[in-house]
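One structure is given below, encoded as structure tokens.
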Amino acid sequence: MVSDMTRFDDGSAGDADYGHLGPGYAGVRRPDPRIEREVWDALGDARSVVNVGAGAGSYEPRDRIVVAVEPSASMRAERPHDRVPALDGTAEHLPFDDGAFDAAMASITVHQWPDLERGLGELRRVARGPVVILTFDPVVPERWWQPVYVPELYEVEARRMPPLERIAAAIGGTVEVRTVPIPADCIDGFGQAFFARPEQTLRPEVRRAMSAWSFVAPEVVERYERELSADLASGRWDAEWGRFRTMPWFDAGLRLVVGRP
């Protein structure tokens, strides 16, 4: 991970350069309404919410007062017109008073924070109520096809994604971990969302919207494209993995960590 003081040219403060990854991100990483309902339910009756590492605004509630914080200028520019403008800032240094918000949230971002404990401590400090973290379990809960085709990608993810126990300890209080099933037609284009649609992962713009691919060597990406394309064309993929096309939901490790004081 980068040091606390390191930022890329566009302001990205984590381990990935969103000056490169950001353009077009919002067109691929759209909030899925079923996952959105899970996040909003975890926020409870909070009327004011701070969203940290807010990116393009996925999963921010639209019927509450929201303050968004995002260090990357490219990602702030990706925010749709129906989202509030994001403040330039990082999780580790939130410019808000203690208990300034009813709730705090962070969606698929904590794995990029240089100082996880400090950042989550800041969320807990500024929230009177729940702290809601959408993240992935670094341990893949069930064998599926993509980690078989590109194990290097999931080795990267396992190193980056903090253990759920570490997140819970940093939030403190009473913590609940909820499983978030991923629908087969999920419109949020993170890598695991395409468990039933392998062809989509061959699109460069889809892979660019998943930061882990930026840490995989070009020759590994080329091998993935070559082998998956060949197996899809020959029918080999469907012979071995075709059951994934008929699964309405899949547990690929998406989790909500909900901490209450």
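Listing for the model above:
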quantity: GluC sites (Glu not before Pro) within the range 134-171, DSSP loop, no more than 14 other Cβ atoms inside 10 Å; calculated: 142
quantity: Distance from the range 28-44 to the range 183-261 (C-alpha centre basis), Å; calculated: 20 Å
quantity: Compactness of the range 34-132 as Cα Rg over 2.2 N^0.38 Å, two decimals; calculated: 0.97
quantity: Semi-axes of the equivalent ellipsoid for the chain, Cα gyration tensor, largest first, Å; calculated: 31, 20, 17
quantity: Positive dipole terminus of the chain, leading residue within 50, 40, 204 (C-beta point charges); calculated: 40
quantity: Rg/Rh ratio calculated on Cα atoms of the range 75-146 (Kirkwood radius); calculated: 1.04
quantity: Rounded if a/c under 1.5, otherwise prolate or oblate - the range 203-253, Cα gyration tensor axes; calculated: oblate
quantity: Contour excess over end-to-end distance, with Cα ends at residue 143 and residue 37 and 0.36 nm allotted per residue; calculated: 35.5 nm
quantity: Principal axis dimensions, the range 105-186 - Cα atoms, whole angstrom, descending; calculated: 43, 27, 19
quantity: Extended-chain gain in nm, criterion 0.36 nm per residue less alpha-carbon gap, residue 214 and residue 179; calculated: 9.9 nm
quantity: P(r), alpha carbons of the range 177-223 - 5 Å bins starting at zero, rounded %; calculated: 4, 20, 28, 22, 14, 9, 3, 1
quantity: Whole-Å distance, taken between Cα centres, linking the range 74-130 and the range 133-167; calculated: 23 Å
quantity: Label point distance in nm, residue 48-residue 225, each placed 7 Å from Cα along Cα→Cβ; calculated: 4.9 nm
quantity: Exposure proxy order (Cβ contacts within 10 Å, fewest to most) of 139, 67, 258; calculated: 139, 67, 258
quantity: Assigned charges on the beta-carbon of Lys, Arg, Asp, Glu; the chain dipole about Cα centre (debye); calculated: 440 debye
quantity: Full-stretch length increase - residue 77, residue 234 - with 0.36 nm per residue and alpha-carbon distance subtracted; calculated: 52.4 nm
quantity: Within-10-Å neighbourhood charge of residue 261 [Cβ basis; K, R +1; D, E -1]; calculated: +3
quantity: Debye-sum result for the range 173-261 in log10 I(q)/I(0), which assumes one identical scatterer on each alpha carbon, at q = 0.12, 0.18, 0.20, 0.22 Å⁻¹; calculated: -0.47, -0.89, -1.03, -1.15
quantity: Karplus 3J(HN,Hα) series, Hz, for the range 223-239 with 6.51 cos²θ - 1.76 cosθ + 1.60 (x for Gly, Pro); calculated: 5, 4, 4, 5, 6, 5, 4, 5, 6, 5, 5, 7, x, 5, 4, 5, 5
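No lab work stands behind these numbers, since they all come straight from the coordinates. Predicted model, so just to flag it, every value in this text is computed and none were measured. Here the Cβ is made from the backbone with ideal geometry for all residues, glycine too, and neighbour counts use every protein chain on show.
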